[in-house]
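What follows is a single structure, written as structure tokens, with notes after it.
The values are calculated or read from the model by the stated rules, or taken from the named source; none is laboratory data. Model, not experiment: these values are computed from the prediction. Side chains included, ligands, DNA and RNA excluded: accessible areas come from the protein's heavy atoms. Shrake-Rupley method; radii C 1.70, N 1.55, O 1.52, S 1.80 Å.
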Amino acid sequence: MKKMIVWGVTAGAAAATIVALMYKRKDGTRLADGLMNSAKDVGNRLRDYGNQIKDRLFHVKGPNGEPVFLDMYDRQFYEDEMGRRVYMDND
């Protein structure tokens with residue numbers, strides 16, 4: 001009986017959340033639109049912060065500041081202006 005009450009409350013809260021997120025405001029926007037935009041902003045900031053940490057720790061760039069990648073054999077390369085792979089020496 002208690003499990004049914006807990007499941008009922010959970011289902012009711014989920015339904016209320018869905019209704020609140022899909023409720024259309026007078027200006028035509030929804031609450032979910034703002035949440036999605038802020039979630040994307042947070043994701044972009046986390047990605048940028050991760051790239052900054054990676055650059056600070058590894059200091060790996062191409063000769064003109066190009067990003068350096070690894071192929072399936074763990075060889076480092078960057079792409080030139082023509083899009084061709086240029087492998088770096090691992091001295």
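Pulled fully out, how much extra length does the chain show between I5 and F58, if you take 0.36 nm times their separation in residues and subtract their Cα-Cα distance? Please report the intermediate quantities before stating the final value.
Values: separation 53, 0.36 × 53 = 19.08 nm, distance 5.39 nm.
Length gained between I5 and F58: 13.7 nm.
Leaving out ligands, DNA and RNA, and with a 1.4 Å probe, what % of the accessible surface on segment 34-80 is carbon or sulfur? List each step's numbers first, then the result.
Numbers: 2230 of 3970 Å².
Carbon and sulfur: 56 percent of the exposed surface of segment 34-80.
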